[in-house]
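The values are calculated or read from the model by the stated rules, or taken from the named source; none is laboratory data. A quick note: this is a predicted structure, and the numbers were derived from the prediction, not measured. These accessible areas exclude ligands, DNA and RNA; they are computed on the full protein's heavy atoms, side chains included. Shrake-Rupley method; radii C 1.70, N 1.55, O 1.52, S 1.80 Å.
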Amino acid sequence: MVSSIEDTLKHVVFLAKHLHGCDLQCVTTAVLLELGVPPRLAGFDYLERAILLYYEDPTQMLTKETYPDVGKFYDPPASSYQVERQIRVAINEAWKNRDARMWSYYFTADIGGDIRKPSNGEFISRVARFVQLWQGCCKGVGYENE
């Protein structure tokens, strides 16, 4: 199933209407759940934190800045390797059980109409961009979410 840009924007508006009272973390959690990332995995929490950090500063380097910053947030702190690995496990699990239509709202299909499994960085940046669209949409319809 290939989603058009129009479908993706309709989904953003849908989320803006239904999550208008939420903050960025709430929306990030909702998106991760929509994509089928299991919340029981440590990678879910790491992904959520990494997406919010990327949202704040999309210029940071994933391996050298984001993963260490995510790891420092937890007690006991997690190593960059643990953060990267657990995020990968969470994405792989979501990918195995994905809803193709839902994933098509967030990820671009190739010429053949297939969505390839995203890397950690692609996953984080795509979801952060979607959250950014959501926030812009909320502001556009008069909701304040900051």
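Can you give the Rg and Dmax of segment 29-92 based on its C-alpha atoms, in angstrom?
Rg, Dmax (Cα atoms, Å): 11.0, 29.
How much length would be gained if the chain were fully extended between residue 114 and residue 79, taking 0.36 nm per residue of separation minus their Cα-Cα distance, in nm to one decimal?
On the way: separation 35, 0.36 × 35 = 12.60 nm, distance 3.40 nm.
Once the chain is fully extended between residue 114 and residue 79, it gains 9.2 nm.
If you roll a 1.4 Å probe over the heavy atoms of the protein chains, what accessible area per residue do you get for segment 33-146, in Å²?
Spelled out: the 1.4 Å probe surface of segment 33-146, per residue, equals 55 Å².
Mind listing the long-range amide H neighbours of residue 115? Cut-off is under 5 Å, sequence gap 5 or more, other chains count too, H placed in the peptide plane at 1.01 Å from N.
Here the answer is 110, since their amide H atoms fall under 5 Å of that of residue 115.
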